[in-house]
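Undergrad: Supplied in structure tokens, the structure appears directly below.
The values are calculated or read from the model by the stated rules, or taken from the named source; none is laboratory data. Only a predicted model underlies this, so the values are computations on that prediction, with no experimental measurement involved. Cβ: placed from backbone, ideal geometry, glycine included. Neighbour counts: every protein chain shown. Side chains included, ligands, DNA and RNA excluded: accessible areas come from the protein's heavy atoms. Shrake-Rupley method; radii C 1.70, N 1.55, O 1.52, S 1.80 Å.
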Amino acid sequence: MLRETRNNDLSPFLRVIEYVDKNEVIGYLKYSLIYDRIEIDDFFVTEENRKKGIGNKLMSYLISIAIENHVENITLEVRISNEIARNLYKKYGFHEVALRKFYYGDEDAILMEKQVM
Ligand SMILES: CC(C)(COP(=O)(O)OP(=O)(O)OC[C@H]1O[C@@H](n2cnc3c(N)ncnc32)[C@H](O)[C@@H]1OP(=O)(O)O)[C@@H](O)C(=O)NCCC(=O)NCCS
């Protein structure tokens, strides 16, 4: 089951989509909806529940939220070595737009963007 939560104490823009199974959160996608754009802040599925389509469900839901809110684009940073996540993002129409040198201190990030509108 997917559910949405917010924590306005942290940021008025921050929202979380959670994937809940048997009362346990086994996946989540944290994002900021900032006027006409979305930034993905964190995206995670517990190791034992990967490759079962939960990431697909979370990302599809985020894209439907983006469309409903007339968002222009969705952006995110991903470790250059994270081929699994990069594959997922490409599948959903994200393009690599820039290299962020030493973004993670020890590793570069790729800035990816999906045009929604
Ligand atoms: C990235 C992550 C959230 C994907 O979650 P998931 O539930 O395993 O994803 P799904 O099973 O829905 O797969 C979605 C897509 O991801 C890609 N993918 C998933 N596992 C993959 C693998 N082992 N190898 C290559 N691509 C893979 C595929 O494009 C897949 O699409 P498909 O179902 O058509 O094959 C999960 O691997 C994770 O939590 N990783 C650690 C944290 C992380 O890297 N987060 C992203 C930070 S930017």
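Undergrad: Ordered by residue, what ³J(HN,Hα) values in Hz, to whole numbers, does the stretch 19-25 give under the Karplus form 6.51 cos²θ - 1.76 cosθ + 1.60, where θ = phi - 60° and Gly and Pro are x?
TA: Taking θ as phi minus 60°, the curve returns 9, 10, 10, 6, 6, 10, 7 Hz for the stretch 19-25.
Undergrad: Sticking with this one: At a Förster radius of 25 Å, what calculated FRET efficiency corresponds to the Cβ-Cβ distance of VAL97 and MET117, to the nearest 0.05? Mind dumping the intermediate values first?
TA: Values: r = 17 Å, r/R0 = 0.67.
So, using R0 = 25 Å, E works out to roughly 0.90.
Undergrad: Leaving out ligands and nucleic acids, note down the accessible area per residue over the stretch 2-115 with a 1.4 angstrom probe, in whole Å². Write out the running numbers ahead of the final one.
TA: Values: 7050 Å² over 114 residues.
Counting only protein heavy atoms, the per-residue value for the stretch 2-115 is 62 Å².
Undergrad: A further question follows. What value, in deg cm²/dmol to 500, does the helix sum -39500 (n - 2.57) over DSSP H runs of n ≥ 4 give at 222 nm once divided by the residues of the chain?
TA: The helix-only estimate for the chain comes to -6500 deg cm²/dmol at 222 nm.
Undergrad: Only sites in a loop by DSSP and with at most 14 other Cβ atoms within 10 Å count here; which chymotrypsin sites (Phe, Trp or Tyr not before Pro) in the stretch 5-85 make the cut?
TA: Numbers: sites: PHE13, TYR19, TYR28, TYR31, TYR35, PHE43, PHE44, TYR61; in loops: PHE13, TYR35.
Taking the stretch 5-85 and a limit of 14 other Cβ atoms within 10 Å, the loop chymotrypsin sites (Phe, Trp or Tyr not before Pro) found are TYR35.
Undergrad: On a full-extension model of 0.36 nm per residue, what is the gain between GLU72 and PHE13, subtracting their alpha-carbon distance, rounded to one decimal in nm?
TA: Numbers: separation 59, 0.36 × 59 = 21.24 nm, distance 1.59 nm.
My answer for the length gained is 19.7 nm.
Undergrad: A follow-up question, please. For Cα pairs less than 8 Å apart in space and 6+ apart in sequence, what is the mean separation divided by the residue count of the chain, i.e. the relative contact order in percent?
TA: 19 percent.
Undergrad: Hey, can you grab everything whose amide H is under 5 Å from the amide H of TYR104? Only 5+ residues off in sequence or another chain; H modelled, so Pro and N-termini drop out.
TA: When sequence neighbours closer than 5 places are left aside, the close amide H contacts are ALA109.
Undergrad: Provide the FRET efficiency to the nearest 0.05 for the ASN23-ILE84 pair, computing r from the beta carbons and using R0 = 22 Å.
TA: Details: r = 27 Å, r/R0 = 1.24.
The calculated FRET efficiency here is 0.20.
Undergrad: Now for a different question. Using the per-residue mean of other Cβ atoms lying within 10 Å as a proxy for protection, in what order, highest first, do the peptides 85-95, 1-11 fall? Could the numbers behind the result be given before it?
TA: On the way: 85-95: 15.5, 1-11: 10.6.
Per-residue Cβ counts within 10 Å, averaged per peptide and sorted highest first, yield 85-95, 1-11.
Undergrad: Quick one: if the Förster radius is 25 Å, what FRET efficiency do ARG6 and THR46 give, using the C-beta to C-beta distance and rounding to 0.05?
TA: On the way: r = 22 Å, r/R0 = 0.89.
The value I calculate is 0.65.
Undergrad: Tabulate in residue order the Karplus-calculated ³J(HN,Hα) for the stretch 100-107, using 6.51 cos²θ - 1.76 cosθ + 1.60 with θ = phi - 60°, rounded to whole Hz; enter x for Gly and Pro.
TA: Along the stretch 100-107, the couplings run 9, 5, 6, 4, 9, x, 8, 8 Hz.
Undergrad: Which percent of the accessible area of the chain is formed by carbon and sulfur heavy atoms (probe 1.4 angstrom)?
TA: Working: 3550 of 7340 Å².
That share works out to 48 percent.
Undergrad: How long are the three semi-axes of the equivalent ellipsoid for the stretch 2-115, computed from the Cα gyration tensor as the root of 5 times each eigenvalue, in whole Å, largest first?
TA: Values: eigenvalues 89, 67, 40 Å².
Semi-axis lengths for the stretch 2-115 are 21, 18, 14 Å.
Undergrad: Once you've got the Cα coordinates, tell me which of LYS52/LYS101; LYS22/LYS114; LYS52/LYS90; LYS30/LYS91 are over 28 Å apart.
TA: Pairs exceeding the cut-off: LYS52/LYS101; LYS22/LYS114.
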